[in-house]
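Some notes on the structure that comes next.
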Ligand SMILES: C[S@@+](CC[C@H](N)C(=O)[O-])C[C@H]1O[C@@H](n2cnc3c(N)ncnc32)[C@H](O)[C@@H]1O
């Protein structure tokens with residue numbers, strides 16, 4: 001397991017799943033004390049960022065990868081998260097009976113054999129609470145097929161960089177519409193780290209069509225609620241395409257399948273539930289809580305660990321945010337004891353000894369005098385920013 005996607009994934013958050021359910025006139029389980037299971041949780045990064053912000057909810061993460069689970073458990077202990085547990089187990093053999101309000105399986109379905117996929121749906125059917133909701137994502141046909149084709153090429157030769165560069169420079173690709181599609185996949189792959197490519201293309205990953213997934217769900221008495229994956233097209237184009245598709249087919253399964261062909265869908269993140277959904281209504285997603293700027297800010301232990309080990313911090317909006325040097329310094333020193341004046345001294349000292357550089361208004365490095373003159377403003381803005389993201393409390 002490489003760490004390519006090892007970060008909070010916003011659309012997996014129960015608040016997003018709950019919003020999708022409300023859009024289909026369902027009443028989702030409350031978040032504050034929800035019971036949440038993540039299957040294929042890898043290092044637990046996604047789950048821990050949720051657990052840190054929902055202290056009365058309970059989280060369980062399972063994965064077949066013993067090393068990933070060992071790291072997840074160690075990090076949870078270091079971040080003092082006592083509402084999350086991790087277990088190394090094959091999902092096919094998981095004997096947990098739940099019930100869970102939310103079950104997340106991100107990036108699992110396209111990576112496992114059909115028997116394990118079947119076991120995943122049986123697990124959902126068994127452990128979901130009556131109003132429970134599941135998130136199941138997968139690489140979708142037809143859009144992900146070209147990525148599969150690229151995987152064939154990459155698996156044929158030992159050096160992925162050589163293969164990608166050869167394909168990128170191939171005059172044949174520029175000459176046909178299908179070649180242009182493959183060329184787009186090649187250039188996207190070249191922009192990702194090698195570790196990502198190794199996982200994305202070298203494994204047994206496969207695309208699925210929406211109909212197959214619906215059939216699995218149906219066999220296990222689960223209803224399709226909504227899809228929360230971005231499609232990467234303007235909303236107006238999506239609405240017009242959907243309306244056109246709905247004129248060709250009436251059954252929902254057929255509409256969804258045709259729609260995926262019409263937009264060359266690459267990825268789905270499907271919400272399933274035990275309850276049959278109702279009519280579609282407009283709802284807004286709950287905003288993250290507003291936070292005051294604390295006088296003696298204290299960084300969340302999890303965020304300190306994320307900054308140290310992962311190079312980002314999770315936010316209240318459940319996104320990974322890169323840590324720039326000033327924030328890194330504050331994350332290290334916001335211990336709940338230092339007030340703004342003391343933190344200002346830490347910043348000034350770091351500029352004085354050359355371990356921190358701040359930009360001046362002109363964009364050049366600020367002098368020590370400029371930093372001293374502007375410290376209240378700079379520090380106030382940085383702490384307000386960290387507080388609004390829920391990194392310091
Ligand atoms: C592509 S990774 C996705 C990891 C994580 N959910 C993410 O999105 O970053 C697939 C994960 O599923 C796990 N996995 C594969 N087969 C499994 C099984 N039978 N039982 C439990 N976990 C499994 C792998 O170990 C891996 O961590």
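Each reported figure results from applying straightforward, stated rules to the coordinates on display, with no laboratory input. Please read these numbers as outputs of a predicted model, since none were measured by experiment. Here Cβ is always computed from backbone atoms with ideal geometry, including for glycine, and neighbour counts include all displayed protein chains.
Some observations on this one:
- Chain lengthening between residue 70 and residue 87 when straightened (0.36 nm per residue, less Cα-Cα): 5.3 nm
- Computed per residue of the chain from DSSP H runs no shorter than four, each worth -39500 (n - 2.57), the mean residue ellipticity at 222 nm is -14000 deg cm²/dmol.
- Arranged from fewest to most other beta-carbon atoms within 10 Å of their beta carbon, 88, 303 become 88, 303.
- Against the chain, whose longest principal axis is taken from its Cα atoms, helix 177-190 shows a tilt of about 30°.
- Spin-label pair residue 309/residue 78, simplified geometry with 7 Å Cα→Cβ offset, distance in nm: 0.5
- Comparing 89, 238, 108 in a Gaussian network model of the chain where C-alpha atoms under 10 Å apart are linked, the largest mean-square fluctuation is found at 238.
- Volume per residue that the Cα convex hull of the chain spans, once the total is divided by residue count, Å³: 178
- Cα-based helix-to-principal-axis angle, 145-156 vs the chain, degrees rounded to 10: 80
- Mean projected area of the convex hull spanned by the Cα atoms of segment 301-388, taken over all viewing directions: 5.9 nm².
- Rounded tilt (10° steps) of 340-352 against the dominant C-alpha axis of the chain: 90
- For segment 14-59 versus segment 78-125, the gap between their alpha-carbon centres in whole angstrom: 14
- Extension gain (nm, one decimal) between residue 161 and residue 373, 0.36 nm per residue minus Cα-Cα: 71.4 nm
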